[in-house]
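Engineer: Got a structure for you, questions after.
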Amino acid sequence: MHLILFFIFAALCLAGAVNLLLQTHPINSALSLIVVMTSLAVLYLLLGAEFLAAAQVIVYAGAVMVLFTFVIMLLNAGREERTLGSRAARVVGFPAVAAFLALLATVLLKAHGLGRAAMQEGVTSTDDLSAVLFTKLLLPFEVTSVLILIAILGAVALTRHGDGERSASK
Amino acid sequence: MAQPGIPLAWYLMLSAILFSLGVIGFLIKRNLITVFMSIELMLNAVNLSFVTFAHQWHAVKGQIFVFFVMMVAAAEAAVGLAIIIAVFRARATLAVDRIDLMKL
């Protein structure tokens with residue numbers, strides 16, 4: 001059961017990621033990224049992270065991707081034109097990616113001591129998670145809320161700044 | 001298969017492949033928004049390996065780290081998309097080849 005679910009959703013993940021690269025229209029890329037994120041939520045559930053699976057769907061597949069599609073539609077982003085890209089990307093980038101993947105693959109396939117994941121084993125309940133989050137890690141949690149507040153203010157300031165400049169130049 | 005379940009190394013391999021696809025997308029995509037989406041893909045890939053290692057060591061802290069990464073990524077997406085809107089207003093284009101003011 002675990003094996004079947006893993007293969008279905010890992011395949012969906014990879015198909016979505018490859019589709020993200022192949023599509024030329026940003027909205028299609030955004031939709032395939034939603035597929036990747038939702039399949040990742042199922043994989044989190046298989047690994048026993050139930051709260052993170054819910055948060056992945058709500059925060060990533062929900063909030064962040066709605067923001068992306070909203071901006072794509074707001075800016076009326078059209079089809080991208082394919083160019084050759086920079087020389088640095090061709091000369092350094094792609095070999096570096098290939099080397100990185102090969103290195104990780106050899107390390108992971110040779111690794112000993114990595115366990116196995118089975119259904120309903122090692123499940124972390126939201127209870128356990130919140131107990132640690134709100135006792136030991138309360139300060140980082142509160143600091144993150146300030147960070148998000150600053151991010152909201154920054155986003156508003158950035159988008160308003162363009163208006164001010166334009167009206168000042170007129 | 002003698003043992004139940006599947007090896008955790010497969011999850012880590014999936015995470016590594018997704019990360020590499022994100023890097024390739026970052027390099028080949030020519031639209032500012034799609035480049036930004038590739039960064040989100042890389043963040044998600046790293047989150048998957050965090051969750052896998054949290055399962056391996058039966059540690060809650062790995063999952064809490066993913067929770068913080070999610071919150072920071074949400075903030076990053078908000079600020080990044082605001083920057084993209086500001087760039088679009090200034091240059092009227094989303095093609096990364098034409099946004100080259102800071103290029104050598």
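Laboratory data are not the source of any read-out in this text; all were calculated from the coordinates shown. As the structure is a prediction and not an experimental result, all values here were calculated from the model. Here the Cβ is made from the backbone with ideal geometry for all residues, glycine too, and neighbour counts use every protein chain on show.
Engineer: Taking θ as phi - 60°, what are the ³J(HN,Hα) couplings along the stretch A:35-46 by the Karplus curve (6.51, -1.76, 1.60), each to the nearest whole Hz, with x for Gly and Pro?
Structural biologist: 3J(HN,Hα) across the stretch A:35-46, in whole Hz: 4, 4, 5, 5, 5, 4, 4, 5, 5, 4, 4, 5.
Engineer: Run the quick spin-label model on A:Ala105 and A:Ala11: label points 7 Å from Cα toward the beta carbon, then report their separation in nm to one decimal.
Structural biologist: 2.0 nm
Engineer: Continuing with the same structure: Could you check the spin-label model distance between B:Lys61 and A:Val156? Points 7 Å from the Cα along Cα→Cβ, value in nm.
Structural biologist: Those two pseudo-labels are separated by 3.7 nm.
Engineer: Continuing with the same structure: What nm value, rounded to one decimal, do you get for the distance between A:Ala54 and A:Ile4 when each label is placed 7 Å out toward the C-beta?
Structural biologist: 2.7 nm
Engineer: Could you tell me the distance between the Cα centroids of the stretch A:1-51 and the stretch A:106-165, to the nearest Å?
Structural biologist: Using only Cα atoms to place each centre, the spacing works out to 19 Å.
Engineer: Let me ask something else. Using 11 Å as the cut-off for backbone N distance, which residues of the stretch A:57-84 belong to the label zone defined by a point 7 Å from the Cα of A:Ile148 along Cα→Cβ?
Structural biologist: Within reach of a label on A:Ile148: A:59.
Engineer: Also, quick follow-up: If you take each beta carbon of peptide A:111-119 and count the beta carbons of other chains within 10 angstrom, what is the mean?
Structural biologist: Mean inter-chain Cβ contacts per residue within 10 Å come to 6.
Engineer: By count of other Cβ within 10 Å, fewest leading, how are A:Lys136, B:Lys103 ordered?
Structural biologist: Fewest-to-most ranking of A:Lys136, B:Lys103: B:Lys103, A:Lys136.
Engineer: Charges only on Cβ, +1 for Lys and Arg, -1 for Asp and Glu: so what's the dipole of chain A about the Cα centre, in debye to the nearest 20?
Structural biologist: Roughly 660 debye for chain A.
Engineer: Can you work out the PRE-style zone for B:Arg98? Point 7 Å along Cα to Cβ, and I want the residues of the stretch A:62-88 with backbone N under 18 Å.
Structural biologist: Within reach of a label on B:Arg98, which here means backbone N under 18 Å from a point 7 Å along Cα→Cβ, the stretch A:62-88 contributes A:72-86.
Engineer: Right, next: Quick one: which residues, 5 or more positions from A:Arg116 or on another chain, have an amide H under 5 Å from its amide H? H modelled 1.01 Å from N in the peptide plane, none for Pro or chain starts.
Structural biologist: Residues meeting the amide H criterion: B:Leu8.
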